Amino acid sequence: MEEIKTLVSTFNFTNTTWTIMLPIILMAIDVLTGVINAWIKGEIKSSILRKGLGKKIGEIVVLAIGELFLIAMSLPMVILNGISLYIIVMELISICENLEKLGVPIPNFVKKALASTEEKINEDNKDGDEDKE
């Protein structure tokens, strides 16, 4: 839990625009690599694309809500940074998976770093859920 708090508190963007734009750009790259992968394999299905795009729109809504609350309630920037960081890690993992399927070698240290960060975030989420029970 402390590691995640430290990671999020030290994760600073140059400005708020990048806090929103970087996850959105990564979402677009993820969709693009996924479509290219499906196209090469001849497995393009509109239902899968719709489901994926629906998820991406949901992530954008979460970012927008975070930004609205940040402005409207003067919440600390660390909250929006945490939301953005979570989406960035998930998108980077998905992009790496898509690139591997396309035959692009991904260095093990990159995969391990992303997996480790994802595990820490998921552990933190589980700890928060247990506190509610």
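Report the residue count in the range 72-91 for those that are at pLDDT 85 or above and more than 24 Å from Ala113 (Cα to Cα).
Summing the residues that are at pLDDT 85 or above and more than 24 Å from Ala113 (Cα to Cα) in the range 72-91 gives 2.
What's the number of the only condition in (1) at pLDDT below 90; (2) exposed (fewer than 12 other Cβ atoms within 10 Å of the Cβ) that Gly54 fails to meet?
Checking Gly54 against (1) at pLDDT below 90; (2) exposed (fewer than 12 other Cβ atoms within 10 Å of the Cβ), the one that fails is (1).
Restricting to the range 35-66, count the residues that are under 27 Å from Leu80 (Cα atoms) and either free of Cβ contacts under 8 Å to residues at least 24 places away in the same chain or small (Gly, Ala, Ser) (or both).
Total meeting the criteria: 12.
Considering only residues that are assigned to a helix (DSSP H, G or I) and either touching a helix residue (DSSP H, G or I) at 6+ places or on another chain (Cβ under 6 Å) or of a type in the set (Ser, Thr, Tyr) (or both), look in the range 30-44 and name the one that is surrounded by the most Cβ atoms within 10 Å (Cβ to Cβ).
Asp30
The values are calculated or read from the model by the stated rules, or taken from the named source; none is laboratory data. Source: prediction; values computed, not measured. For neighbour counting, all protein chains shown are included, and Cβ atoms are generated from backbone atoms with ideal geometry for every residue, glycine included.
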